[in-house]
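Read the structure below first, then the notes.
The values are calculated or read from the model by the stated rules, or taken from the named source; none is laboratory data. Bear in mind that the values here come from a model prediction, so they are computed numbers and not experimental data. Positions of Cβ are backbone-derived with ideal geometry, glycine not excepted, and every protein chain shown enters the neighbour counts. Protein only, heavy atoms only, side chains kept; ligands, DNA and RNA dropped before computing areas. Shrake-Rupley method; radii C 1.70, N 1.55, O 1.52, S 1.80 Å.
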Amino acid sequence: MKIKLASLIVASFAFAKVNAQLSNTDGQKHHFGIGLNGGVTVGDYEDIYSSNIGVDLFYLYGISEKFYLGGSTGFANYFGEDVNIAGLGEVEFDDAQFIPVAGSLRFSPFSNFIVGADVGYAIGVNDGNDGGFYASPRATYMINDKLPIFAGYRLIDLDGESLGSIQFGIGYKF
């Protein structure tokens, strides 16, 4: 519970910082975006969940020419597998769903290349899923001003065990 509260506080401060800077009219760029992603599950749960799909919503504000600060949320579904467990036989695992709430930081060393990460908390949506710490580092290539593609890693820490996935996605900036 302490981790959930701390993560929500960090995300709230990130959103507050962005909102405070919106009143700044120095011409810095800010934008909303949406992304679709999919991934292959790795880590402690790779035998239980095969892959995942999701949607991301984000807001970024240019705090300088190369740095962006903001927040993100979305929805992720990890597909449960049928697993043969000794003594129990075949066990069917339900899908696991999460709503991540995170602060975002991006750095753009070149005009069409961006690196960064989202850090916060993934709220578990389905029964028995408490969620956990969330981190998602990524590298993004801008095909044009509106169309990013990205590759990255998504980690959800579930009581010390990692639900990770290698992610690929495409987005749209408004």
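If I stretch the segment between GLU46 and ILE99 completely, what's the gain in nm (0.36 nm per residue apart, minus their alpha carbon distance), one decimal?
Once the chain is fully extended between GLU46 and ILE99, it gains 17.1 nm.
Give me the percent of the accessible area of segment 77-130 that comes from carbon and sulfur atoms, probe 1.4 Å, all protein chains in place.
Roughly 56 percent, rounded to a whole number.
With every protein chain present, what accessible area does TYR59 have (1.4 Å probe, heavy atoms only), rounded to the nearest 10 Å²?
Ignoring ligands and nucleic acids, TYR59 comes out at about 20 Å².
When a/c is below 1.5 the answer is rounded, else prolate if a/b is larger than b/c, else oblate, so apply that to segment 81-150 with a ≥ b ≥ c taken from the square roots of the Cα gyration tensor eigenvalues.
prolate
Taking the Cα-to-Cβ direction at ASN144 and at ILE34 and moving 7 Å from each Cα, how far apart do the two end points lie in nm?
1.9
For segment 30-125, what is the accessible area per residue in Å² when the probe is 1.4 Å?
Here the per-residue accessible area is 49 Å².
Straight-line reach from LYS66: which aspartates and glutamates fall under 18 Å, measuring Cα to Cα and dropping same-chain residues less than 8 apart?
ASP26, ASP118, ASP145
Count the net charge of all other residues whose Cβ sits under 11 Å from the Cβ of SER72, scoring Lys and Arg as +1 and Asp and Glu as -1.
Computed value for this residue: 0.
Does segment 49-174 classify as rounded, prolate or oblate by the C-alpha gyration tensor (a ≥ b ≥ c root eigenvalues; a/c under 1.5 gives rounded; else a/b over b/c gives prolate, otherwise oblate)? Don't skip to the end; give the middle numbers.
Details: a/c = 2.76, a/b = 2.19, b/c = 1.26.
The shape class here is prolate.
Once amide H atoms are placed 1.01 Å from N in the peptide plane, what residues at a sequence separation of 5 or more from GLY131, or on another chain, have their amide H within under 5 Å of its amide H?
GLY124
Mind listing the long-range amide H neighbours of PHE93? Cut-off is under 5 Å, sequence gap 5 or more, other chains count too, H placed in the peptide plane at 1.01 Å from N.
GLU81, ASP82, VAL83
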